[in-house]
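The values are calculated or read from the model by the stated rules, or taken from the named source; none is laboratory data. This one's a predicted model, so the numbers in the text were calculated from it and none came from an experiment. Here the Cβ is made from the backbone with ideal geometry for all residues, glycine too, and neighbour counts use every protein chain on show. In case anyone asks, the SASA skips ligands and DNA or RNA and just uses the protein heavy atoms, side chains included. Shrake-Rupley method; radii C 1.70, N 1.55, O 1.52, S 1.80 Å.
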Amino acid sequence: MAEKFDAIVVGAGPSGNAAAYTLARGGLKVLQIERGEYPGSKNVQGAILYADALERIIPDFREDAPLERHVIEQRMWMLDDSSYIGTHYRSADFDQPPYNRYTIIRAEFDKWFARKVRQAGALLITETTVRDLLLDGERVIGVQTDREGGAIYADVVVLADGVNSLLARKAGFRPELNPADVALAVKEIHFLPTETIEARFNLSGDAGVVIEMFGKITQGMMGTGFLYTNKESLTIGVGCMLSDFKSQKMTPSQLLENMKSHPSIAPLIAGGEMKEYAAHLIPEGGYNAVPKIAGEGWVIVGDSGMFVNAVHREGSNLAMTSGRLAAETLLELAQARLPYTARNLARYRRKLDESFVMKDLKKYRRLPSVFHRNPQFFTAYPELLSQAAQTLLRVDGEDKKSKERAIRRSFVARRSRFGLLGDAFKMWRAFE
Amino acid sequence: MSANKVEEKLFQNRYRVDAGRPHISIKNPELCTNQCDQPCTVCCPAGCYTQEGNGRVTLITDGCLECGTCRVICTEHRNVAWEYPRGGFGILFKFG
């Protein structure tokens, strides 16, 4: 294959598809390379699709994209060992089209997105792993695949190769991931009859519920759990920072088993047939962990660039947006007949800085370190709040004023007055 | 949970194993026995790493989910040689 392309996109996940689609629509000769049997076969996500990011790429995606349920209710649960306390927000406004977000099954969705990319004119080759970037000095001039005679050349390479970002690392563009900057998530998909899901979650039609959870389910580690409703299945998972997993002795699959047996969760998944177990790293290092995302003849998009907003559980929308903005930058340069130098590609970073992607990451830049250093937010507070709720709600002849005093005492005993103030300040700083 | 249970989970998955060509290997097995608390044996979500009685670590990549955990946590010795499988091989997610 001595053929040369205008652009090579490595990977067919949300960021790679967004980039390849935009580039092909812009008239460039695009090759997209995917290592899986089909696009999606190597990809893992919860998964929630945020409509806005995709709408800006494919405005009429709702016509044929494989969507599971549109989300009308979000639950936030804080759990101790026997209880949850939390908020539920359900709105009929979210049940009005155009819907704002959907649950999806990535293997189906990525296949659909990649088909759109091909229809836009890009060439896709699957079952092909890119082993290395081809360099001419500092400049990336193509990729080396594991196919026979596997060198392929292009003016620019878009690295949409996911969180592990092996290609940029091997080329020396960035260091190895820090265990404190990635979360390891494990999840399962459980199949249940549609009627059962609708009855359990008070749903009808294609409406859906998502539950985000934190607290004792992560055993003091910094992390969260989730349960999403699909049409005929539920996905349930839990993720914690890898540095936390490393310093304790519980296996990820055991953590998920424990979570599944929690008395508030077990009845929701009861009777389901588990059909797949998946694991994935999520780049949650935030603003300060974003690597260099453009150089001579290359750009990084998606998870490889650490574009995940861990607080709001957003990632695929940041991935698609980064893919689109990178592609738009390349198209602008092509149109102006400017070379893909690091200097010219710096425009991509500026576009990202001006978008919600970097603005949101910047807003929460302190949050990872705050939660790392303060496990009480995942252990002490869920327990204290749960006990407080129980004290107030249990009717046992004790007067309410004494109950309130007991609750106050429990908080001070566990965290001290100073500790409570400090924790409030830390939370404010983290979310400011 | 027993290793058994992870295997039961993995049994639900679809794989095309590249027989005889593991995509991950331990660079120097001696390093794992000395001054390392072997986090790979706990953190790998597929239980691919087993702590042996003689202090060694055994790696069988057939059930690998290709997440990258073992490579990232091996901070002491950087002792994991980690590549993606050949195109088309390895885990093939049905749902993802």
Residue tally, condition crowded, with 23+ Cβ neighbours inside 10 Å and hydroxyl-bearing (S, T, Y), over the range A:195-218: 1
Checking A:F113 against (1) open to solvent by 20 Å² or more (accessible area, probe 1.4 Å); (2) more than 15 Å from A:N230 (Cβ to Cβ), the condition it does not meet: (1)
Within the range A:130-205, strands (runs of 3 or more DSSP E) holding 2 or more residues that are facing chain B (nearest Cβ under 10 Å) and touching a residue at least 12 places away in the same chain (Cβ under 8 Å): A:130-136, A:182-191
Any pair with Cβ under 6 angstrom, 6 or more apart, that starts in the range A:35-46 at a residue that is more than 7 Å from chain B (Cβ to nearest Cβ) and ends at one that is among the small types (G, A, S): A:P39/A:A12; A:P39/A:A114
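Quick one: which strands (runs of 3 or more DSSP E) lie wholly within the range B:32-96 and hold at least 3 residues that are surrounded by fewer than 22 Cβ atoms within 10 Å (Cβ to Cβ)?
Numbers: elements: B:49-51, B:57-59, B:80-82.
So the answer is B:57-59, B:80-82.
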Filtered residue count, the range A:167-182, keeping only those that are open to solvent by less than 20 Å² (accessible area, probe 1.4 Å) and either under 16 Å from B:C67 (Cα atoms) or hydroxyl-bearing (S, T, Y) (or both): 4
Meets criteria (touching a Leu at 6+ places or on another chain (Cβ under 6 Å), assigned to a loop (DSSP other than H, G, I, E, B), under 25 Å from B:C64 (Cα atoms) and not assigned by TED's automatic domain parsing to the domain that holds A:E276) for A:E37: yes
From A:L234, A:L242, residue being within 11 Å of chain B (Cβ to nearest Cβ) and open to solvent by less than 20 Å² (accessible area, probe 1.4 Å): A:L242
Out of A:Y99, A:Y84, sole residue that is among the aromatic types (F, W, Y), open to solvent by less than 60 Å² (accessible area, probe 1.4 Å) and in contact with a His (Cβ under 9 Å, 6 or more places away or on another chain): A:Y99
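Looking at the range A:249-263, is at least one residue part of a helix (DSSP H, G or I) and more than 14 Å from chain B (Cβ to nearest Cβ)? Walk me through how you get there before you give the answer.
As a first pass, look at the range A:249-263 and keep what is part of a helix (DSSP H, G or I): A:252-260.
In the following step, the residues that additionally are more than 14 Å from chain B (Cβ to nearest Cβ) were identified as none.
Checked the range A:249-263: no residue is part of a helix (DSSP H, G or I) and more than 14 Å from chain B (Cβ to nearest Cβ).
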Checking A:H70 against (1) more than 24 Å from the chain's Cα centre (by Cα); (2) at pLDDT 95 or above; (3) not aliphatic (A, V, I, L, M), the condition it does not meet: (1)
Of the criteria (1) surrounded by fewer than 21 Cβ atoms within 10 Å (Cβ to Cβ); (2) in contact with a Ser or Thr (Cβ under 6 Å, 6 or more places away or on another chain), which one A:P267 fails: (2)
Tabulated pairs, the range A:227-256, first not assigned by TED's automatic domain parsing to the domain that holds A:G271, second open to solvent by less than 10 Å² (accessible area, probe 1.4 Å) and hydrophobic (A, V, I, L, M, F, W, C), C-beta under 8 angstrom, 6+ apart or interchain: none
Failed item in (1) more than 14 Å from chain B (Cβ to nearest Cβ); (2) in a loop (DSSP other than H, G, I, E, B); (3) open to solvent by less than 10 Å² (accessible area, probe 1.4 Å); (4) within 21 Å of A:P375 (Cα to Cα), with A:M221 passing the rest: (1)
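Is there a residue being of a type outside the set (A, V, I, L, M) and over 25 Å from the mean Cα position of the chain (by Cα) anywhere in the range A:358-381? Even if it seems obvious, please write down each step before you answer.
Going residue by residue through the range A:358-381, those that are of a type outside the set (A, V, I, L, M) are A:359-360, A:362-366, A:368-369, A:371-379, A:381.
Retained after the next criterion (residues that are over 25 Å from the mean Cα position of the chain (by Cα)): A:381.
Looking through the range A:358-381, at least one residue is of a type outside the set (A, V, I, L, M) and over 25 Å from the mean Cα position of the chain (by Cα).
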Every residue from the range A:51-77 that is touching a Leu at 6+ places or on another chain (Cβ under 9 Å), surrounded by fewer than 22 Cβ atoms within 10 Å (Cβ to Cβ) and in a strand (DSSP E or B): A:E73, A:R75
Condition check for A:S410: touching a residue at least 40 places away in the same chain (Cβ under 8 Å) and of a type in the set (G, A, S): no
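Condition check: open to solvent by less than 70 Å² (accessible area, probe 1.4 Å) and either assigned to a helix (DSSP H, G or I) or touching a residue at least 60 places away in the same chain (Cβ under 8 Å) (or both). Does A:F418 satisfy that?
On the way: open to solvent by less than 70 Å² (accessible area, probe 1.4 Å): no; either assigned to a helix (DSSP H, G or I) or touching a residue at least 60 places away in the same chain (Cβ under 8 Å) (or both): yes.
No, not satisfied.
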Only one of B:C43, B:C36 that is within 18 Å of B:T75 (Cα to Cα) and modelled with pLDDT under 95: B:C36
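Mind counting the residues in the range A:138-190 that are of a type outside the set (A, V, I, L, M) and within 22 Å of A:F307 (Cβ to Cβ)?
Of the range A:138-190, the ones of a type outside the set (A, V, I, L, M) are A:138-139, A:142, A:144-150, A:153, A:155, A:161-162, A:164-165, A:169-170, A:172-176, A:178-179, A:181, A:187-188, A:190.
Narrowing the set further to residues that are within 22 Å of A:F307 (Cβ to Cβ) leaves A:161-162, A:164-165, A:169-170, A:172-176, A:178-179, A:181, A:187.
So the answer is 15.
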Residue in the range B:4-14 that is within 14 Å of the chain's Cα centre (by Cα), within 20 Å of A:F245 (Cα to Cα) and buried (at least 17 other Cβ atoms within 10 Å of the Cβ) present: yes
The one condition in (1) open to solvent by 40 Å² or more (accessible area, probe 1.4 Å); (2) within 30 Å of A:G172 (Cα to Cα) that A:I125 fails to fulfil: (1)
Hey, B:I73 more than 10 Å from every other protein chain (Cβ to nearest Cβ) and either free of Cβ contacts under 8 Å to residues at least 60 places away in the same chain or not hydrophobic (A, V, I, L, M, F, W, C) (or both) or not: no
